[in-house]
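The values are calculated or read from the model by the stated rules, or taken from the named source; none is laboratory data. The structure presented is a predicted model; accordingly, all values stated were derived computationally and were not measured. Here the Cβ positions follow ideal geometry from the backbone for every residue, glycine too, while neighbour counts run over all protein chains shown.
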């Protein structure tokens, strides 16, 4: 495949797939955020390929070079310092441009911080929404939080250690003191999951926090209730049995089946 986005370990170097290693070995050139960081991984697996820097500050400048390589038929692999490129790291613009030109592209499955953080939070994983990094400017940050505060889904944010206090304080202002979890250093030696209301997380962060952070926040509880109740009505009207409705909604929203059945019985009565 001419263009491949290849996930790399977010901590433990063993967290890479055999397919990812093969694609990196077959690549003609590897575009990476920091050649020094990527060289550690590549040397570990005895991969020796030409590297070119491809990061947030030169992404647009490197596009012509990388696209020309793809047009020539070269195999270009894109990696980030850690995780899956193209989400919060460079790669999406190149992927989009390659698609627009009809060039073959592929995105490999592999390491990312979001899925482990959602599960380690203990909050409902279905549904969840990945929001990314909150904006740096206070006003823009508040507007983002206002936009997602009524989501019934569990919310996932990437946060930086030196900005976490401001981010969480603004979340409390907009969301209220919701259940949450701060998951840090996933797959590394000092991995930890700090669970509690946002105020508990804020107190912990004020004591100092380091590493890669994912903040998982429960969704709007009232909105979750409205959503599953509305879906229960729709499912029953479409002919789905009470048993199947309760089972499906319980799995999706993390609500006890008995609670769903009681609601349905009350509806029928």
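Among the residues making up the stretch 56-77, those that are within 25 Å of the chain's Cα centre (by Cα) and in a helix (DSSP H, G or I) are 59, 60, 63. Scan the stretch 130-153 for residues that are part of a loop (DSSP other than H, G, I, E, B), within 16 Å of residue 178 (Cβ to Cβ) and out of contact with any helix residue (DSSP H, G or I) (no Cβ under 6 Å at 6 or more places or on another chain) and jot them down. Once the filter is applied, which keeps residues that are part of a loop (DSSP other than H, G, I, E, B), within 16 Å of residue 178 (Cβ to Cβ) and out of contact with any helix residue (DSSP H, G or I) (no Cβ under 6 Å at 6 or more places or on another chain), the stretch 130-153 yields 151, 153.
Of all residues in the stretch 240-264, those satisfying the criterion of being assigned to a loop (DSSP other than H, G, I, E, B) and under 21 Å from residue 153 (Cβ atoms) are 254, 255, 256. Any residue at all in the stretch 13-27 that is at pLDDT below 95, surrounded by fewer than 16 Cβ atoms within 10 Å (Cβ to Cβ) and in contact with a helix residue (DSSP H, G or I) (Cβ under 8 Å, 6 or more places away or on another chain)? The answer is yes, given that some residue of the stretch 13-27 is at pLDDT below 95, surrounded by fewer than 16 Cβ atoms within 10 Å (Cβ to Cβ) and in contact with a helix residue (DSSP H, G or I) (Cβ under 8 Å, 6 or more places away or on another chain). Determine which member of the set 102, 86 is at positive phi, touching a residue at least 60 places away in the same chain (Cβ under 8 Å) and assigned to a loop (DSSP other than H, G, I, E, B). It is 86.
Being in a loop (DSSP other than H, G, I, E, B) and under 30 Å from residue 191 (Cα atoms) holds for only one residue in 41, 13, 24, and it is 13.
Surrounded by 15 or more Cβ atoms within 10 Å (Cβ to Cβ) and either within 20 Å of the chain's Cα centre (by Cα) or closer than 24 Å to residue 214 by Cα (or both): is that true of residue 53 in this structure?
no
Looking for whichever is surrounded by 21 or more Cβ atoms within 10 Å (Cβ to Cβ) and either free of Cβ contacts under 8 Å to residues at least 60 places away in the same chain or assigned to a strand (DSSP E or B) (or both) here; the options are 172, 201. Which one fits?
On the way: 172 fails: surrounded by 21 or more Cβ atoms within 10 Å (Cβ to Cβ).
Exactly one residue qualifies, and that residue is 201.
Which residues, counting only those in the stretch 206-225, are under 26 Å from residue 152 (Cα atoms), more than 17 Å from the chain's Cα centre (by Cα) and surrounded by 13 or more Cβ atoms within 10 Å (Cβ to Cβ)? Scanning the stretch 206-225 gives 220, 223, 224, 225. Scanning the stretch 226-239 for residues that are assigned to a helix (DSSP H, G or I), surrounded by fewer than 15 Cβ atoms within 10 Å (Cβ to Cβ) and without any contact (Cβ under 8 Å) to a residue 24 or more places away in the chain yields 230, 234, 237.
Residue under question is residue 80, and the condition is that it be outside the structural domain of residue 130 (by TED's automatic domain parsing), closer than 23 Å to residue 214 by Cα, within 25 Å of the chain's Cα centre (by Cα) and in a loop (DSSP other than H, G, I, E, B); does it hold? Yes, satisfied.
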